[in-house]
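Working notes, structure below.
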Number of protein chains: 2
Amino acid sequence: MTEQELGITERKEHNPGEWYAEVVRKAGLADYAPMGGFIVTRPRGYAIWERLKRHLDGWFKETGVDNAYFPMFIPESYLEREKDIVEGFDPEVAWVTHGGREELDERLAVRPTSESIIAPFISQWVRSHRDLPMRVNQWCSVVRWEATETKPFFRTKEFLWQEGHTAHATHEDAWAETMTRLGQYERLYEEVMAIPGMKGRKPEHDKFPGAHTTTTIEALMPDGKSVQAGTSHHLGTSFAEAFDITYTDEEETERTAHTTSWGLSWRALGALIMTHSDDQGLVVPPALAPTQVVVVPIWQEDTETAVTEYAADLAAELDERFRVEYDDRDGRNPGFKFNEHELHGVPLRIEVGPNEVEEDGATLVHRPDGENETADRDGIADAVEDALETVYAKLYAAAEENLTENVREAHGRGEILGTIGRHGGYVKTGWCGDEACEAEIKDEIAAEIVMLPMDRDEEPIHETCGVCGEAAVETAYFAKSY
Amino acid sequence: MTEQELGITERKEHNPGEWYAEVVRKAGLADYAPMGGFIVTRPRGYAIWERLKRHLDGWFKETGVDNAYFPMFIPESYLEREKDIVEGFDPEVAWVTHGGREELDERLAVRPTSESIIAPFISQWVRSHRDLPMRVNQWCSVVRWEATETKPFFRTKEFLWQEGHTAHATHEDAWAETMTRLGQYERLYEEVMAIPGMKGRKPEHDKFPGAHTTTTIEALMPDGKSVQAGTSHHLGTSFAEAFDITYTDEEETERTAHTTSWGLSWRALGALIMTHSDDQGLVVPPALAPTQVVVVPIWQEDTETAVTEYAADLAAELDERFRVEYDDRDGRNPGFKFNEHELHGVPLRIEVGPNEVEEDGATLVHRPDGENETADRDGIADAVEDALETVYAKLYAAAEENLTENVREAHGRGEILGTIGRHGGYVKTGWCGDEACEAEIKDEIAAEIVMLPMDRDEEPIHETCGVCGEAAVETAYFAKSY
């Protein structure tokens, strides 16, 4: 790359959309595919997704989830079986009509989600209460033919995700499952991605079709828009009834199971990039960075041997505990290297020059803010550990500040519109429960109700609806969203 | 499950095809999907695939391979660009023609393999010799619309695999890469799957279209048929020329890169099941078994407490080093449990009854052959480690014996046909290099040339072709194959 190609030219504050696209491309995370709506996830981007996946997959397995793999195609008649419950994904489905040179007797949908192919198998596998809970998950790609502008990881026709599908004996068990998975998504965002989330329910009109309750984690982006970070559905008995998922209980009575489904997609990767990155490029927390530490030797002709030997030795020691790159490339000056590693989001840079050698130390530079600290050579690994924890803490603190400062209360149509218009973020208000009141706000300012409090019995924040003034039954969180 | 459902009714020796299908279904590895040619990989099957994947993926990463993800669809015009080189996969492609309710302007192929979508990107990413070698790999599913009978993991229209794609400065570098990956496939088969393989080249007429050399690992199944266990292609410069993959060398001269591709699919899972399993069900080596050790307490009313406490304690200790199941289910007698764990392929069963408690020991039973050994309670974990190694060694020895006993030499049409007809396995013979001689054997007995020796300069085993009697240029290995 040339110096010019390294630079991010757009500004996050002024052009968040173009800035995001530029970071994704220049940091080598993804390229646009030849077909509109599709992307190529490059090694740097995929490596972060793999780490996200590994964390979540580990937690799933610790809590009784088995991975499986179902076909990527679903016969049209199977999708039709959902029709009693749901409008379905029809308008968004990619259809396979030909196999080789033959036209197929029945069209096959490329899966937009797999309830309709997984539920019939769970129905076969579950016979008695001893088979419950049954939990299967798959990591796969799905396709939804949406005709919107492509935004890597946020809006793509094909995306990678995991979808978990479970069956339980009781409504309460299914609810506990729904919350366990939502809790794991929240943990992923907070502990691994350094992004605080807010948990809540989606309003009735925005639930997964047929679901009893759709729960969500919402994360606030720096541009004031909310991202649906992960979703967990209590499906009640609607899918179990449609697909005949029943079990015999301990008294040999046949009962209908209660099911859930839950998913997290590579949108998480989009939220990660968007939240922490800056005008120098990608910023990611240490747990997700493919390279956590880069060691850069800085020398003149007369100090080359002393510096490079010292730096190489230091890098080798750190390599036992961290993911380290020792950057001794010839023909690139330190400034170029600094820029490149900043672009690529390496959380910690260690500079080693003649001074560091003389003082038996090292200079540690934090990626998010450029803060410098000097560390002794002795015990350097512990100092690096501390520095990486500090980097995580800085990222989390900034994201948390963005969230806490941007949840506001408003009442009355004008105040709601004005508050979101001026500040973005969330506006809490009383809500009568009528979709029409949401539509009114949506039409004006493209903000919608992104969540309601998890507790259905919570008293609404205001006695009346912030839009129409009728009696409020809920507190609604309005926001613009991705 | 009932007792009856646990039993494998077909015999491996007499009906290998039906026996295989029964093991796959009853051991809970896979079910047939509603569309012909597709399967559902159940948790027990997928867990083995995940372990295979983890081994191979670890070795790839240690040797410079990065994972990435490319779109599952390829525009028809991109596939056409390969046409100069290859006949193409056209007759086997599943076509997406509609997105939602709209017909697409250009049909999209569901990837049958990804050279034609990956090569254009490697072409963009490679500029100078400093960018080489470039290695990307993806774990994904591919679709080939073959109209043959479904055999889970061996023949399915959709299958899971990894496909690696690399670019190099020289022919030699690309050859070294080709052999590195083939060596890793061999290692997977031998060290992890306990199946010896034979490495060789495919004949010209059976190479990957456009390839300079297609190399293969062949594994011999107990029914005498060969499985192409993994494939690694030296693509020469043909794809680089078609897709313009060039680089500037150190003298700033533009040169054409040399590329490779290599893949291993879930056919490996099929080969694993087929090789080691028996009339009691699944048998897998310890490294791949989701449960490595099952502890079964055996008690009468008066010994229950003593036995279950002792067994639970033993299981807990082993759980720190192995993947252990403690099977204290009520309402299932030990015989039922033994059968079930044998069906599921648990490599080692530990029986604990009053005798074992009294003698402060445990009885270890090897899955492959039912061999019993007694071990002291003290140091039980080391005894289990040894027993698992013994299980691996037994499986490997049996597979190795099958291979070494079934490579035979033959010369003359009648002898080749007779030898394969009587014994199966491989028949080595001189070959003139003419596809027609292979066709003659194929027509008679459905055996083909599965490989040639890796070394092109190796002297042929006979001076004349075993089929036509003309001068031999190669040694050919004939076998029936999956």
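The values are calculated or read from the model by the stated rules, or taken from the named source; none is laboratory data. Because the structure is a prediction, the values reported are computed rather than measured. In this analysis, Cβ positions are derived from the backbone assuming ideal geometry, glycine residues included, and neighbour counts consider all displayed protein chains.
Side notes on the structure shown:
- Residue in the range A:167-186 that is over 28 Å from A:ALA399 (Cβ atoms), charged (D, E, K, R) and free of Cβ contacts under 8 Å to residues at least 60 places away in the same chain present: yes
- From the options B:GLU448, B:GLU458, residue that is more than 21 Å from the chain's Cα centre (by Cα) and charged (D, E, K, R): B:GLU458
- In the range A:33-49, the residues that are more than 7 Å from chain B (Cβ to nearest Cβ) and within 11 Å of B:MET72 (Cα to Cα): A:ILE39
- Residue in the range A:3-24 that is nearest to A:GLY224 (Cα to Cα), counting only those that are free of Cβ contacts under 8 Å to residues at least 60 places away in the same chain and part of a helix (DSSP H, G or I): A:GLU18
- Within the range B:390-422, considering residues that are in contact (Cβ under 8 Å) with a residue 40 or more places away in the chain and among the charged types (D, E, K, R), the one farthest from B:MET193 (Cα to Cα): B:ARG413
- Screening A:GLU301, A:GLU359, A:GLU325 for residues that are under 24 Å from A:TRP49 (Cβ atoms) and out of contact with any Lys or Arg (no Cβ under 8 Å at 6 or more places or on another chain) leaves exactly one candidate, A:GLU325.
- Checking every residue in the range B:62-74 against the condition of being small (Gly, Ala, Ser) and either under 28 Å from A:PRO71 (Cα atoms) or more than 12 Å from chain A (Cβ to nearest Cβ) (or both) gives at least one match.
- Residues being within 8 Å of chain B (Cβ to nearest Cβ) and of a type outside the set (D, E, K, R) - total across the range A:91-119: 12
- From B:ASP382, B:ASP443, B:ASP457, residue being within 30 Å of B:ASP360 (Cα to Cα) and of a type outside the set (Lys, Arg): B:ASP382
- Selected residue (criterion: farthest from B:ARG107 (Cα to Cα)) from residues of the range B:38-85 that are surrounded by fewer than 21 Cβ atoms within 10 Å (Cβ to Cβ) and in contact with a Lys or Arg (Cβ under 6 Å, 6 or more places away or on another chain): B:GLY64
- Among the candidates B:GLU448, B:GLU440, residue that is acidic (Asp, Glu) and surrounded by fewer than 18 Cβ atoms within 10 Å (Cβ to Cβ): B:GLU440
- Meets criteria (within 21 Å of B:ASP105 (Cβ to Cβ) and at pLDDT 95 or above) for A:VAL93: no
- Restricting the range B:188-212 to residues that are aliphatic (A, V, I, L, M) and at pLDDT 95 or above, the residue that is farthest from B:SER481 (Cα to Cα): B:VAL192
- Of the criteria (1) part of a loop (DSSP other than H, G, I, E, B); (2) within 10 Å of chain A (Cβ to nearest Cβ); (3) surrounded by 17 or more Cβ atoms within 10 Å (Cβ to Cβ), which one B:GLU146 fails: (3)
- Some residue of the range A:399-422 being surrounded by 14 or more Cβ atoms within 10 Å (Cβ to Cβ) and under 30 Å from A:VAL324 (Cβ atoms): yes
- Counting only strands (runs of 3 or more DSSP E) wholly contained in the range A:293-369, the ones carrying 3 or more residues that are of a type outside the set (A, V, I, L, M, F, W, C) occupy A:361-366.
- Residue in the range A:151-161 that is away from chain B (no Cβ under 14 Å), over 17 Å from the mean Cα position of the chain (by Cα) and surrounded by fewer than 20 Cβ atoms within 10 Å (Cβ to Cβ) present: no
- Matching residues, the range B:128-143, being over 18 Å from A:PHE70 (Cβ atoms), touching a Gly at 6+ places or on another chain (Cβ under 9 Å) and within 10 Å of chain A (Cβ to nearest Cβ): B:ARG135, B:VAL136, B:ASN137, B:GLN138
- Unmet criterion (only one of (1) under 16 Å from B:ARG155 (Cβ atoms); (2) away from chain A (no Cβ under 11 Å)) for B:LEU29: (2)
- Here A:GLY270, A:GLY263 are screened, and the one residue that is assigned by TED's automatic domain parsing to the domain that holds A:PHE208 and in a helix (DSSP H, G or I) is A:GLY270.
- Of the candidates B:LEU182, B:LEU220, the single residue that is away from chain A (no Cβ under 12 Å) and touching a Leu at 6+ places or on another chain (Cβ under 8 Å) is B:LEU220.
- When restricted to residues that are part of a loop (DSSP other than H, G, I, E, B) and either of a type in the set (D, E, K, R) or under 28 Å from A:PRO368 (Cβ atoms) (or both), the range A:182-207 contains 7.
- Qualifying residue in the range A:36-54 (condition: of a type outside the set (Phe, Trp, Tyr) and over 26 Å from B:VAL142 (Cβ atoms)): no
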